[in-house]
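Scroll down for the structure; my scribbles are underneath it.
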Amino acid sequence: MTFEYGKENRWHDQYFGKNLAVTTGGADTDALAVGQHLGALAITVCANGAVDATSLELTFKESDTENGTFEAPAAALKLTIAGTFVDGQTIGKMLLPDCKSFVKANLKGTATGKVDVFLSYIAR
């Protein structure tokens, strides 16, 4: 992937998951280490092929360790999205608040098609 102004940058080791289906019951992604990022990171969801989302909900869970118990934070954030998206289009981006060292994204809802979920850096 080339790096261009206005394009989403993705690094090979910063994916929560690739080619994921959205289910009504919800599913956690793989965990990623986010460390002490102080609000400079976001979870980004992009279409992997055509996506038609009646309702797609993005939340996250956190843990102090990679293999620990992941729980939603007390002041849980939720991003709800609907629409039709083309391959590679950003569906949504949720800024991570100060949180524990490891994070899993959680997707649930009604959508056809697959998505990629990855970690983004927010320039400050």
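A few points about this structure:
- Take the range 17-92 with all the other protein chains still there, run a 1.4 Å probe, and you get 51 Å² of accessible area per residue.
- Linear extension gain, K108 paired with Q14, 0.36 nm per residue minus alpha-carbon span: 31.8 nm
- Distance in nm between pseudo-label sites at A82 and A21 (7 Å out along the Cβ direction from Cα): 2.3 nm
- Annotation: amide H-H contacts under 5 Å for Q89 (H modelled 1.01 Å from N, sequence separation of 5 or more, or interchain): A47.
- Mean projection of the Cα convex hull over all viewing directions, computed for the range 13-121: 6.1 nm².
- Positive-end extreme of charge dipole, the range 26-109 - chosen from T84, T65, V51 (charges on Cβ): T84
- Modelled this way, with points 7 Å down the Cα-to-C-beta line, the labels at D30 and A50 are 2.9 nm from one another.
- Highest-first arrangement of 61-69, 103-111, where packing means the average Cβ count within 10 Å: 103-111, 61-69
The values are calculated or read from the model by the stated rules, or taken from the named source; none is laboratory data. This one's a predicted model, so the numbers in the text were calculated from it and none came from an experiment. Glycine also receives a Cβ, built like all others from the backbone with ideal geometry; neighbour counts cover every protein chain displayed. Quick note on the areas: whole protein, heavy atoms, side chains included, nothing else; ligands and nucleic acids left out. Shrake-Rupley method; radii C 1.70, N 1.55, O 1.52, S 1.80 Å.
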